[in-house]
1. State which residue pairs qualify: first residue touching a residue at least 24 places away in the same chain (Cβ under 8 Å) and inside region A:78-103, second residue surrounded by fewer than 20 Cβ atoms within 10 Å (Cβ to Cβ) and part of a strand (DSSP E or B) in any location, beta carbons under 6 Å apart, and separation of 6 or more residues or different chains.
2. Can residue B:48 be described as over 30 Å from residue A:108 (Cβ atoms) and away from chain A (no Cβ under 14 Å)?
3. For region A:25-40: of the residues being part of a strand (DSSP E or B) and touching a helix residue (DSSP H, G or I) at 6+ places or on another chain (Cβ under 8 Å), which is farthest from residue A:197 (Cα to Cα)?
4. Might you let me know whether region B:262-275 holds any residue that is outside any helix (DSSP H, G or I), at pLDDT below 80 and touching a helix residue (DSSP H, G or I) at 6+ places or on another chain (Cβ under 8 Å)?
5. Which of the residues belonging to region B:310-353 are touching a helix residue (DSSP H, G or I) at 6+ places or on another chain (Cβ under 8 Å) and under 17 Å from residue B:182 (Cα atoms)?
6. For region A:178-193, which positions are at pLDDT below 90 and either buried (at least 19 other Cβ atoms within 10 Å of the Cβ) or in contact with a helix residue (DSSP H, G or I) (Cβ under 8 Å, 6 or more places away or on another chain) (or both)?
7. Test residue A:68 against the criterion of being buried (at least 17 other Cβ atoms within 10 Å of the Cβ) and closer than 25 Å to residue B:106 by Cβ, and give yes or no.
């Protein structure tokens with residue numbers, strides 16, 4: 001099996017002549033990982049997913065999904081997909097929806113009947129499986145959709161906002177389900193607005209802005225440059241800090257800033273590791289400072305996301321939507 | 001095969017979830033019940049115990065078998081299946097294509113390992129399921145009714161299933177194309193009805209003009225024959241009148257021919273809805289076995305779109321011969337070509353569109 005379940009390069013799509021939804025996006029999702037796709041509204045995430053699922057025809061595309069060309073029926077048979085605003089027929093029961101999805105993926109009758117029951121139980125819809133979708137809440141439809149996406153025993157599961165409309169308990173259950181899917185060796189491509197959701201389950205993420213991929217990697221890799229050391233001491237900042245509260249980047253190991261919080265001072269150092277912090281701690285002890293806390297801090301996914309969607313030249317957030 | 005079957009089962013579930021589906025099937029059974037409650041005896045016809053005397057319809061002129069077949073064709077096929085149930089079917093199925101291409105719905109299907117072309121055409125065929133079911137029910141009920149009441153177990157009644165389904169498919173292809181372009185059920189229903197009206201109007205106009213053309217031809221022959229047999233004075237007035245009528249007929253010949261040429265050409269391109277249903281008439285009713293129609297030959301000439309110097313029966317026979325000389329391939333083949341072209345356009349849009 002290839003290292004990548006999804007390996008796409010130079011994906012381009014322009015709607016009409018003006019709306020450039022995808023501008024040469026390259027994305028790689030490793031087999032067996034949960035990969036998060038992030039971006040503001042109109043960034044092109046859903047278009048990229050739709051290109052993968054043959055719903056949108058790209059202007060340009062290189063690469064493979066499950067080692068096959070995009071649209072290859074063999075690959076599509078092994079992909080489970082839950083679109084963002086899915087519309088299952090409301091007159092069908094949950095079981096019928098899941099079985100129909102299985103039949104469309106060429107799953108034989110006996111298997112689809114067995115799997116439909118199992119999966120609906122797994123997503124917590126066992127008691128509702130023989131009732132029509134018209135009587136379901138949005139969260140229940142979402143759970144049923146998840147079962148439908150998994151019924152063909154997929155190697156790759158593509159989920160577009162799977163927790164949309166689901167209550168916090170349901171979200172937790174879906175998160176656990178995703179982890180379970182990954183532990184079974186499947187690959188999950190998760191497109192979500194919920195950063196906390198992505199952060200808690202995804203090994204790697206990609207951030208898209210205005211049809212372009214601005215960063216891609218593990219959360220650790222993406223936030224490495226922002227990793228810093230924080231030392232909290234009692235009293236005012238030491239004199240050598242000069243009371244500076246600057247946030248300008250400085251060379252590694254140097255003081256990034258210092259701030260006063262109540263009776264304590266917080267000293268922030270960029271690019272330090274535990275060994276590099278020892279001389280600073282020695283110096284503070286030599287000055288008879290009481291060290292309250294020492295901790296490594298890194299940028300949150302939200303900080304990373306906000307940095308990605310902010311124009312570095314103007315400091316303004318990019319306007320939503322594709323580039324025209 | 002699994003996918004095709006799944007789409008058909010889903011289509012059946014979709015239809016059966018609609019009240020209109022059951023209403024249409026209920027009305028179908030009711031209409032068969034009504035026509036099977038009509039009876040024929042030596043003096044006329046009966047309906048739910050009441051008797052109505054009729055010199056045209058009684059067992060001396062029409063056998064019970066022919067009577068029920070006539071009812072099946074004239075009421076069942078022409079009015080019920082050819083008009084009312086088709087309207088109901090269009091109302092019920094006009095949403096199939098717009099629903100297919102609706103956001104959130106189409107994504108679920110396009111992501112499956114099935115080609116867009118196959119998906120669209122299978123969905124289209126599933127739309128014909130409703131019409132086929134309705135006709136099958138009507139034909140089966142009529143088969144039983146005619147068997148019991150007319151004492152004739154006429155299997156050819158089931159020819160209505162493919163014929164009426166074909167007739168419906170011509171209209172449904174237009175409905176599918178409009179639904180594909182506009183994504184609106186209402187627009188596809190309205191525009192299909194408009195198209196049906198246009199097709200009917202052109203077909204009806206062609207029939208009328210063809211009758212006029214044949215009447216003119218027969219008039220010329222009849223007048224020439226009358227002139228040949230008319231002596232010189234004392235029939236001078238009659239001769240003058242005939243000469244004038246012949247002159248008029250000769251003058252009108254080119255107009256009738258030209259008018260019919262264009263209308264026939266347009267009709268050839270369009271689906272022949274009325275002619276398709278009339279095929280059942282050809283197959284189920286043998287004109288020679290219809291004494292009621294032979295009566296026409298004893299009646300006087302027809303005034304409108306008919307020759308004044310030819311008996312109505314002769315004229316009607318000639319018109320029927322002319323219409324029956326049009327081959328099944330002309331009726332169905334050209335209609336299927338139209339349907340194929342419309343479907344090809346709808347499929348091309350479905351295949352090329354982004355959702």
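The values are calculated or read from the model by the stated rules, or taken from the named source; none is laboratory data. What you see is a predicted model, and the numbers here were worked out from it, not measured in a lab. Neighbour counts are summed over all protein chains in view; Cβ atoms, including those assigned to glycine, are modelled from backbone coordinates with ideal geometry.
1. A:91/A:132; A:93/A:132
2. Numbers: over 30 Å from residue A:108 (Cβ atoms): yes; away from chain A (no Cβ under 14 Å): yes.
It is true that residue B:48 is over 30 Å from residue A:108 (Cβ atoms) and away from chain A (no Cβ under 14 Å).
3. Step one: list which residues in region A:25-40 are part of a strand (DSSP E or B), which gives A:25-30, A:34-38.
So of that shortlist, the ones also touching a helix residue (DSSP H, G or I) at 6+ places or on another chain (Cβ under 8 Å) come out as A:25, A:27, A:34, A:36-38.
Values: A:25: 23, A:27: 20, A:34: 11, A:36: 9, A:37: 11, A:38: 11 Å.
Selected residue: A:25.
4. Within region B:262-275, none of the residues are outside any helix (DSSP H, G or I), at pLDDT below 80 and touching a helix residue (DSSP H, G or I) at 6+ places or on another chain (Cβ under 8 Å).
5. B:342, B:343, B:345, B:346, B:347, B:349, B:350, B:351
6. Once the filter is applied, which keeps residues that are at pLDDT below 90 and either buried (at least 19 other Cβ atoms within 10 Å of the Cβ) or in contact with a helix residue (DSSP H, G or I) (Cβ under 8 Å, 6 or more places away or on another chain) (or both), region A:178-193 yields only A:192.
7. No.
Matching residues to (1) surrounded by 19 or more Cβ atoms within 10 Å (Cβ to Cβ); (2) within 14 Å of another protein chain (Cβ to nearest Cβ):
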| residue | (1), (2) |
| --- | --- |
| B:88 | yes, no |
| B:92 | yes, yes |
| B:98 | yes, yes |
| B:104 | no, yes |
| B:110 | yes, yes |
| B:118 | no, yes |
| B:121 | no, no |
